[in-house]
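Structure first, then comments.
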Amino acid sequence: QVQLVESGGGLVQAGGSLRLSCAASGRIFRINDMGWYRQAPGKQRELVADITSGSITRYADSVKGRFTISRDNAKNTIYLQMNSLKPEDTAVYYCNHRALSVDSWGQGTQVTVSS
């Protein structure tokens, strides 16, 4: 089992920046994908960005050019640098770890962007 602990959420004004971190522990496979999803009130959870163990990245169209995902394999940690934040980025952000088709989720961290 994989445990994920997120940090870095908070309240920021539109145009500001935040950096999320997610540290993984437990039964971590060398080959895995990790990523960030978000869920706004009344909406479905959606992919924000993910990154493979080989650092291949993928982004939602809505965040391309503003968000950057990265990982430190030595620390089993991923990061999400969020710049030029918009009110529509407001959501609970969840860290995800996927290996051998098994998903693990963090508890979520709230990001609120005020206009």
(request) For ASP33 paired with GLN107, estimate the spin-label separation in nm (one decimal), with each label point 7 Å from Cα along the Cα-to-Cβ line. (result) 2.7
(request) Beta carbons within 10 angstrom, averaged per residue: use that to sort the peptides 53-59, 96-102, highest first. (result) 96-102, 53-59
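What accessible area per residue, rounded to a whole number of Å², is obtained for the chain using a probe radius of 1.4 Å?
That works out to 54 Å² for each residue.
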(message) Output needed for the chain: three equivalent-ellipsoid semi-axes, defined as square roots of 5 times the C-alpha gyration tensor eigenvalues, in descending order, whole Å.
(response) 23, 14, 13
(request) Describe numerically, in nm with one decimal, the distance between label points set 7 Å from Cα along Cα→Cβ at SER114 and at SER84. (result) 2.4
(request) Before anything else, pin down the relative contact order of the chain: Cα pairs under 8 Å, at least 6 apart, normalised by residue count, whole percent. (result) 36
(request) Only Lys, Arg, Asp and Glu count, each charged at its Cβ (+1, +1, -1, -1), so figure out the dipole size of the range 1-90 about its Cα centre, rounded to 20 debye. (result) 120
(request) Return the lysines within reach of LYS43: Cα separation strictly under 26 angstrom, same-chain partners fewer than 8 residues apart disregarded; answer none if there are no such residues. (result) LYS64, LYS86
(request) Take the solvent-accessible surface of the protein heavy atoms, probe 1.4 Å, and return the percent of it on the chain that carbon and sulfur atoms account for. (result) 48
(request) Among GLN81, ILE51, SER104, pick out the residue whose Cα is farthest towards the positive end of the charge dipole of the chain, where Lys and Arg carry +1 and Asp and Glu carry -1 on C-beta, about the Cα centre. (result) ILE51
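The values are calculated or read from the model by the stated rules, or taken from the named source; none is laboratory data. Source: prediction; values computed, not measured. Heads up, the Cβs are rebuilt from the backbone with ideal geometry, glycines too, and the neighbour counts pull from every protein chain shown. Just so you know, the surface numbers come from the protein's heavy atoms only, side chains and all, with ligands and any DNA or RNA stripped out. Shrake-Rupley method; radii C 1.70, N 1.55, O 1.52, S 1.80 Å.
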